[in-house]
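J.: Quick one: the structure is below, questions incoming.
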Amino acid sequence: MAKHNPAGILLIATNPVDVLTYAAWKLSGFAAGRVIGSGTVLDTSRFRYLLSRHFGVDARSIHAYIIGEHGDSEVPVWSLANIAGMRLPEFCQAQDLAYDPRAMEEIFLQTRDAAYRIIERKGATYYAVAAGLMRITQAILRNQSTVLSLSSVINDYYGISDVCFSLPTVIDRGGVEKVLRLELNPEEIERLRHSAKVLKTTIGSLDLG
Ligand SMILES: NC(=O)c1ccc[n+]([C@@H]2O[C@H](COP(=O)([O-])OP(=O)(O)OC[C@H]3O[C@@H](n4cnc5c(N)ncnc54)[C@H](O)[C@@H]3O)[C@@H](O)[C@H]2O)c1
């Protein structure tokens, strides 16, 4: 693997993507901001799609993120999910709709387990990740400063450090411009800490020199 390429960016999609993003960072000698994993880009777009069907609003107008591991311990950030700046319970109230936490949990479970169901039916997932990778490379090549839920090296976020997982991240031609430190509620923080622990256990089992 190339060492210390100042202009390059490593974009990792291979699973387990967060663990391999971390390994790529450690082994390559690249600056942390130049090693990016596709992370929860796909999960976030599936999540928004399912929410858009539930609420009858275009997915592009739904702001909601899946953070943490791309996998079983990923975390839906319900506390900040919004449509036009209105949190989901508030949006429902304004539309005279009932906010249904059980339907929301079902949407999250469908999001989290989508890849398993696709793999069961056709053996592998490829179109959505290809579209996700295209979106990421477009943001880099066109220097768009787009916010995407990407995996990168995390430092001192709710006491979590030295691991890779996804948070909303501004990317441009230099790679990670900023990792956005969302203000989470206590349950989300707890779930994210669990996600970090799961990832660290796997990372700890690797020999990264
Ligand atoms: N991040 C995501 O959202 C996402 C989505 C879909 C797939 N994936 C991941 O992408 C990866 C590839 O998926 P796929 O369906 O294309 O798998 P695949 O098995 O069809 O392809 C893997 C390729 O890697 C090659 N390969 C294996 N070991 C190698 C080595 N040591 N050196 C060089 N080449 C090697 C194989 O020959 C094969 O061509 C998997 O890890 C999969 O989990 C990630």
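The values are calculated or read from the model by the stated rules, or taken from the named source; none is laboratory data. It should be emphasised that the depicted structure is a prediction, and the values quoted were computed from it without experimental measurement. A quick note on method: Cβ atoms are made from the backbone with ideal geometry, for glycine too, and the neighbour counts reach across all protein chains shown.
J.: Evaluate the following for Val19: is it crowded, with 20+ Cβ neighbours inside 10 Å and in contact with a strand residue (DSSP E or B) (Cβ under 9 Å, 6 or more places away or on another chain)?
T.: Values: crowded, with 20+ Cβ neighbours inside 10 Å: yes; in contact with a strand residue (DSSP E or B) (Cβ under 9 Å, 6 or more places away or on another chain): yes.
Judged against the criteria, Val19 is a match.
J.: Next up: What are the residues in the stretch 30-51 that are more than 11 Å from the ligand (Cβ to nearest atom), in contact (Cβ under 8 Å) with a residue 24 or more places away in the chain and charged (D, E, K, R), if any?
T.: Arg34
J.: Could you list, in sequence order, the residues of the stretch 122-153 that are farther than 27 Å from Asp172 by Cβ and either more than 14 Å from the ligand (Cβ to nearest atom) or among the hydrophobic types (A, V, I, L, M, F, W, C) (or both)?
T.: Ala124
J.: Here's something else I'd like to know. Can you name the number of the only condition in (1) more than 18 Å from Phe30 (Cβ to Cβ); (2) away from the ligand (no atom under 16 Å from the Cβ); (3) in contact (Cβ under 8 Å) with a residue 12 or more places away in the chain; (4) out of contact with any helix residue (DSSP H, G or I) (no Cβ under 8 Å at 6 or more places or on another chain) that Ser195 fails?
T.: Checking Ser195 against (1) more than 18 Å from Phe30 (Cβ to Cβ); (2) away from the ligand (no atom under 16 Å from the Cβ); (3) in contact (Cβ under 8 Å) with a residue 12 or more places away in the chain; (4) out of contact with any helix residue (DSSP H, G or I) (no Cβ under 8 Å at 6 or more places or on another chain), the one that fails is (2).
For every residue, the table says whether it meets (1) modelled with pLDDT under 95; (2) closer than 20 Å to Ala64 by Cα.
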| residue | (1), (2) |
| --- | --- |
| Asp113 | yes, yes |
| Arg117 | yes, no |
| Ala128 | yes, yes |
| Arg142 | no, no |
| Gly159 | no, no |
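J.: Let me ask you something else. Only one residue in Asp72, Asp43, Asp58 is at pLDDT 95 or above and buried (at least 19 other Cβ atoms within 10 Å of the Cβ). Which one? Step through it out loud before you land on a result.
T.: Details: Asp72 fails: buried (at least 19 other Cβ atoms within 10 Å of the Cβ); Asp58 fails: buried (at least 19 other Cβ atoms within 10 Å of the Cβ).
Step by step, each of Asp72, Asp43, Asp58 is checked, and only Asp43 is at pLDDT 95 or above and buried (at least 19 other Cβ atoms within 10 Å of the Cβ).
J.: With respect to the numbered conditions (1) within 16 Å of the ligand (Cβ to nearest atom); (2) touching a helix residue (DSSP H, G or I) at 6+ places or on another chain (Cβ under 7 Å); (3) closer than 26 Å to Ile140 by Cα, which one is the sole condition not fulfilled by Ala114?
T.: If we test Ala114 against (1) within 16 Å of the ligand (Cβ to nearest atom); (2) touching a helix residue (DSSP H, G or I) at 6+ places or on another chain (Cβ under 7 Å); (3) closer than 26 Å to Ile140 by Cα, just (3) comes out false.
J.: Give me the pairs, please: first residue somewhere in the stretch 112-131 and closer than 19 Å to Pro76 by Cβ, second residue anywhere and at pLDDT below 85 and within 9 Å of the ligand (Cβ to nearest atom), beta-carbon distance under 7 Å, and either six or more positions apart or on two chains.
T.: Ala115/Thr125
J.: Taking the stretch 22-54 as the search range and keeping residues that are closer than 30 Å to Met104 by Cα, hydroxyl-bearing (Ser, Thr, Tyr) and not in a loop (DSSP other than H, G, I, E, B), which one is farthest from the chain's Cα centre (by Cα)? Step through it out loud before you land on a result.
T.: Quick first cut of the stretch 22-54, residues closer than 30 Å to Met104 by Cα only: 36-54.
Narrowing the set further to residues that are hydroxyl-bearing (Ser, Thr, Tyr) leaves 38, 40, 44-45, 49, 52.
With the extra rule that they be not in a loop (DSSP other than H, G, I, E, B), the set shrinks to 44-45, 49, 52.
Numbers: Thr44: 6, Ser45: 9, Tyr49: 15, Ser52: 18 Å.
Ranking the qualifying residues of the stretch 22-54, first place goes to Ser52.
J.: Could you identify the single residue in Ile136, Ile140 that is over 21 Å from Tyr49 (Cβ atoms) and either touching a Pro at 6+ places or on another chain (Cβ under 6 Å) or among the β-branched types (Val, Ile, Thr) (or both)? Quick ask: steps written out before the conclusion?
T.: Values: Ile136 fails: over 21 Å from Tyr49 (Cβ atoms).
Unique residue meeting the criteria: Ile140.
J.: Can I ask one more? How many residues are part of a strand (DSSP E or B) and among the polar types (S, T, N, Q) if we restrict to the stretch 169-209? Spell out how you get there, then give the answer.
T.: Filtering the stretch 169-209 down to residues part of a strand (DSSP E or B) leaves 169-172, 175-179.
In the following step, the residues that additionally are among the polar types (S, T, N, Q) were identified as 169.
Residues meeting the conditions: 1.
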